[in-house]
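The values are calculated or read from the model by the stated rules, or taken from the named source; none is laboratory data. No experiment lies behind these values; they were computed from the predicted model shown. Glycine gets a Cβ as well: all are built from the backbone with ideal geometry, and neighbour counts include every protein chain shown.
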Amino acid sequence: MKSQSLKVQQIEKSRTAILTGLANQMQREGIDVIALTAGEPDFPTPTHVKQAAIKAIEENFTHYTALEGIPELIDAIAEKFKSDNNLYFDRSQILVSCGAKQSIFNTLQALCNPGDEVIFQAPHWVTYPSMVKLVGATPRIIEANEETRFKVTAKQLRKAINTKTKVFLFNSPANPTGTVYSQGEIEELAEVVRQTGIYVISDEVYEKIIFNDVKHFSIGSIKQIKDQVITVNGVSKAYAMTGWRIGYLGATEEIVRAAAKVQGQVTSNPNSIAQRAAVTALNGSQDDVGIMVNEFRKRRDFVVEQLSKISGLEVVPPQGAFYVFPSVKVFVGNRVNGKLMRDEEDICRFLLENEHLVIVPGAPFGGKKHFRMSFACSMKELEEGMKRLRSGFKKIAEGY
């Protein structure tokens with residue numbers, strides 16, 4: 001039998017999936033497991049959005065649509081880009097896809113050749129390295145840490161760029177850290193982009209989930225580089241529509257045409273019913289978004305307060321998204337019942353096996369000696385989860 005694709009073989013199996021599998025097995029055995037891993041809001045999709053989908057079904061809007069998306073959704077996206085992000089796109093400059101993930105992948109396929117390099121920072125969303133490898137390009141990672149609130153500087157970006165660099169993959173607000181870049185910081189990065197002529201794929205899917213007085217700023221709104229920027233967003237996070245699978249991008253017509261070629265050979269148009277629902281999400285009342293974000297802020301404050309009480313944990317309070325990314329470096333190397341905690345994965349496994357708590361190791365996110373914890377769950381679950389977290393780290397610290 002012939003071998004499988006070399007590209008696929010170099011993609012690592014998700015360690016998150018392995019832990020989730022263990023947790024699911026424990027739950028099947030009747031064990032009470034708390035999972036603080038969710039990458040999606042725990043809120044229901046707004047009622048008026050669901051009603052729009054029902055109406056679409058009743059009207060038999062259940063067939064193929066235009067590959068790039070239905071005109072009314074493209075118009076809604078164009079208006080959203082203009083009003084929220086100071087971005088101005090014609091219909092021919094917008095492509096609707098099956099989620100923001102597909103929008104990014106379509107764009108990478110459209111832009112990259114074998115040997116090209118794609119720059120992004122660590123910590124990063126787990127999928128970035130795999131997507132880059134699958135299109136035949138090479139990931140080039142810039143390290144960020146707590147000292148800079150997990151942000152990369154213009155100096156770091158400039159140093160990382162070489163003749164092979166094709167794309168800077170930029171994410172703000174960021175998964176897994178909740179980092180939000182300021183306008184000034186983005187303008188400094190943009191100047192490097194202008195001087196070097198590279199593309200930017202700006203992943204802004206957490207744009208609406210942002211706290212306190214922090215403001216989101218779109219790098220594509222900087223006119224000197226607007227034709228170099230592909231802005232990606234979607235309805236999944238802001239409108240609790242993860243399962244509806246609607247993402248979109250705005251870019252030059254040339255890039256949109258190329259990305260559409262890819263999509264046309266892979267999925268064709270996005271779900272027709274979900275597109276109609278997305279129109280209502282973007283054009284309708286935004287009250288549910290505000291309610292959800294306010295609740296996330298309360299949960300963020302609770303989680304950060306609780307984590308700060310665990311001696312040895314270091315946490316940078318997130319400014320957006322719904323994750324925290326604490327450092328466990330103080331605990332790495334401890335022994336518990338003679339078992340060495342070699343890394344954060346051992347710690348996460350210990351917490352699962354002994355406290356029945358699931359959190360995600362940081363290594364797949366490019367953040368060794370960290371873990372990612374989601375607060376996209378009920379306050380009741382968070383309270384119990386933090387209780388188990390405190391208990392687990394007390395045992396690790398004391399080496400019981």
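Please find, within segment 25-53, the residue that is farthest from Ala238 (Cα to Cα) out of those that are part of a loop (DSSP other than H, G, I, E, B) and β-branched (Val, Ile, Thr).
Ile31
For segment 240-249, how many residues meet the condition of being touching a residue at least 12 places away in the same chain (Cβ under 8 Å) and part of a helix (DSSP H, G or I)?
So the count comes out to 2.
Sort through Asp287, Asp227, Asp203 and tell me the only one that's of a type outside the set (Phe, Trp, Tyr), modelled with pLDDT of 95 or more and farther than 19 Å from Ile77 by Cβ.
Only one candidate qualifies: Asp287.
Based on what the data block shows, is Ser374 touching a helix residue (DSSP H, G or I) at 6+ places or on another chain (Cβ under 9 Å) and closer than 25 Å to Glu147 by Cα? Reasoning before the result, please.
On the way: touching a helix residue (DSSP H, G or I) at 6+ places or on another chain (Cβ under 9 Å): no; closer than 25 Å to Glu147 by Cα: yes.
Taking the combined requirement at face value, the residue does not satisfy it.
Out of segment 261-284, which residues are crowded, with 19+ Cβ neighbours inside 10 Å, of a type outside the set (Val, Ile, Thr) and closer than 16 Å to Ala78 by Cβ?
Result: Gln275, Ala278, Ala281, Leu282.
Do you know which residues across segment 205-219 are in a loop (DSSP other than H, G, I, E, B), buried (at least 17 other Cβ atoms within 10 Å of the Cβ) and not acidic (Asp, Glu)?
Selection gives Val205, Tyr206, Lys208, Ile209, Phe211, His216, Phe217, Ser218.
For segment 220-255, give me each residue that is touching an Asp or Glu at 6+ places or on another chain (Cβ under 8 Å) and crowded, with 24+ Cβ neighbours inside 10 Å.
Answer for segment 220-255, where residues must be touching an Asp or Glu at 6+ places or on another chain (Cβ under 8 Å) and crowded, with 24+ Cβ neighbours inside 10 Å: Thr231, Val232, Asn233, Lys237, Tyr239.
Name the one entry in Lys133, Lys155 that is among the basic types (Lys, Arg), farther than 17 Å from Thr231 by Cα and free of Cβ contacts under 8 Å to residues at least 12 places away in the same chain. Steps first, please.
Details: Lys133 fails: free of Cβ contacts under 8 Å to residues at least 12 places away in the same chain.
The conditions single out Lys155.
Looking at segment 321-342, which of its residues are surrounded by 17 or more Cβ atoms within 10 Å (Cβ to Cβ) and at negative phi?
Filtering segment 321-342 for residues surrounded by 17 or more Cβ atoms within 10 Å (Cβ to Cβ) gives 321-328, 331-332, 334, 336, 341.
Within segment 321-342, Phe322, Tyr323, Val324, Phe325, Pro326, Ser327, Val328, Phe331, Val332, Asn334, Val336, Met341 qualify.
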